[in-house]
Amino acid sequence: MWLLLPILVYSLIYLYVRHIYSYWRRKGFPSEATAFSLRYLRRFYHREFRHVQAICEAYHEGRDRLHGIYCFFRPVLLVRDPDLAGHILQQSNGHFGEGKWEYVKSYRRFNLLEKLSPMFSTRRLSPMFNNAQRVAQHMMQHLLDREQQGRVELDLQQLLRTYAVNMMGNLVYGLDVNNFEQTDHILNSYVQHPSQYGVLQSITLRGTPQNSTLSTRLLDLVKQNVELREQSGIMRKDMLQLMVKFRNGNDLSDGSDKWQIEHPFRTKDYKLMSIERLAKVAEDLLHSGLDSIASTITLTLYEIAQQPLIVEKLQTEIKELNFVDGQLTFEQLGQLKYMEMCLKETLRKYPPVPIIERICRKSYTLPGTKFSIGEGKTLMVPLLAIQRDGKYFGEPLKYKPLRFLHDKSQDIRQRRSAFVGFGIGGTQCAVQNFAKMVIKLALVKLLQNYHLELDASAVVEVSHLPAPFISSKDGLKVQLKARKILTQSNYLKGSKPI
Ligand code: HEM
């Protein structure tokens, strides 16, 4: 009897697990082979806790456009084909609704991100550019202060994390903050990488890890700043101003260029968005933006430092811009075509969002196929694996910006649809204009003023832990050498670097 009990329990567990791991086969989907062995269980465990690399492996093992796999005890449908993924994410409105941005206020239900998206339009970003330039200037001043005989040795990733936090502090939180100097500012806590928060995060714990003490302190900061703008009429051209405008019922998509809050709601009950929600949006932007900005600039500089010809081309392109009073303008960023290709190539090789993940809310027939995905099941689009597939991009591990040179051939068109760095179908990054502005601005300033030399030991090991963050595991040690051309002109004369 006592012997029978463990056998019975073991058999039940075995049958249950086998039932889960046969889900895709039972539904008729192309899927991976499974077996109840230690090797397979280890693989599924890795999918859950080291999932970026493991999902890439699963992508390469598959042959069909759809590939059913398992992450621990979870059946996941991998969409291997970028066009099909685009159709699904474009057309499946409501079936994969994430709900994160859904917002209800006095019987009104809306998608908050959609309503706020005009904040990131070029029409709104252009007037914010002066503030952005000031943040870049703080970084250049910091480098100048650290310089010894024209050289600076530093961890570039750390520098750029501070730059990114400063940018978010200035443009999202509306604060004149410079974490290069104010090291005790609350935003400085975000300069360290989230892996240092000691957060255990798996794919099932989606969303970015947040530290509740920091969140509370950020909420206080937002509260003070919002009240100041609403009650004293203080106006600053930043995203906080636009969020406060929206909170007071001003439509951001009405085409007007006004920054002042018009006809503010007098009582807080009428406000379209509570201060708590506004602070949550700001914190989400901070979390989504910080790593993507810092890693993209770091990895671009890491790649180009190994190819002096690319650096030379970029420096020539920058030199050819006609600066107005020595200052870059927002519009000029659009003229940096070669830099745009470098940016795309970095995002192709190192996408900050390596996997798009959706939970199916309502059973959905996948377009152009005979298959349906059931409620509660997970769908994944492995952006990193697609963009590193030799089928779309020859020599995928080589850094070759010119692969994005305009060309009308079928081959290039196919490649373009496989470039999904900013997302795919209807789920593109709403904030991409802002991201490009901030990244290009830093690249212009650094390349204009410095030669970059990688430290002899500088090998970047990209880490995605905790997911979805991307970073170089041990930072990036470099030497920056002041460029001669500027040493002769405005650089040594004591004026600020441009
Ligand atoms: C190089 C920079 C960036 C890349 C490559 C990138 C990429 C992406 C991608 C692929 C998505 C779609 C994710 C999905 O469909 O699940 C996305 C969404 C989003 N991104 Fe970005 N992004 C970048 C920078 C930023 C920055 C700087 C911010 C904020 C300041 C930001 C905020 C967001 C937000 C709020 C979403 C909506 C997703 C959500 O629901 O959380 N991104 N981004």
(request) Could you pull out every one of the helices (runs of 4 or more DSSP H) wholly within the range 69-178 that has 3 or more residues that are polar (S, T, N, Q) and touching a residue at least 40 places away in the same chain (Cβ under 8 Å)? (result) 122-146, 156-171
(message) Any residue at all in the range 259-281 that's assigned to a loop (DSSP other than H, G, I, E, B) and closer than 30 Å to His451 by Cα?
(response) no
(request) Kindly list, by first and then second residue, each pair from a residue in the range 416-439 that is under 24 Å from Gln332 (Cα atoms) to a residue that is assigned to a loop (DSSP other than H, G, I, E, B) and open to solvent by 40 Å² or more (accessible area, probe 1.4 Å), limited to pairs with Cβ atoms under 9 Å and residues at least 6 apart or on different chains. (result) Gly421/Val353; Gly421/Cys429; Phe422/Val353; Phe422/Gln428; Phe422/Cys429; Cys429/Val353; Ala435/Cys429
(request) With the condition kept exactly as written, say whether any residue in the range 359-368 is at pLDDT below 95 and among the basic types (Lys, Arg). (result) yes
(request) Return a yes/no flag: does the range 410-420 have any residue that is surrounded by fewer than 20 Cβ atoms within 10 Å (Cβ to Cβ), modelled with pLDDT of 95 or more and among the polar types (S, T, N, Q). (result) no
(request) Within the range 130-145, identify whether any single residue is open to solvent by 10 Å² or more (accessible area, probe 1.4 Å) and either under 23 Å from Ser253 (Cα atoms) or within 16 Å of the ligand (Cβ to nearest atom) (or both), and answer yes or no. (result) yes
(request) Collect the residues in the range 271-285 that are hydrophobic (A, V, I, L, M, F, W, C) and more than 7 Å from the ligand (Cβ to nearest atom), keeping them in residue-number order. (result) Leu272, Met273, Ile275, Leu278, Ala279, Val281, Ala282
(message) Condition first: under 25 Å from Ile293 (Cβ atoms), open to solvent by 40 Å² or more (accessible area, probe 1.4 Å), within 15 Å of the ligand (Cβ to nearest atom) and out of contact with any helix residue (DSSP H, G or I) (no Cβ under 6 Å at 6 or more places or on another chain). Can you find one or more residues in the range 82-97 that meet it?
(response) no
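The values are calculated or read from the model by the stated rules, or taken from the named source; none is laboratory data. From a predicted model like this one, the values you see are computed outputs, not experimental measurements. Backbone-built Cβ (ideal geometry, glycine too); neighbour counts: all protein chains shown. Accessible surface areas use protein heavy atoms only, side chains included; no ligands, DNA or RNA. Shrake-Rupley method; radii C 1.70, N 1.55, O 1.52, S 1.80 Å.
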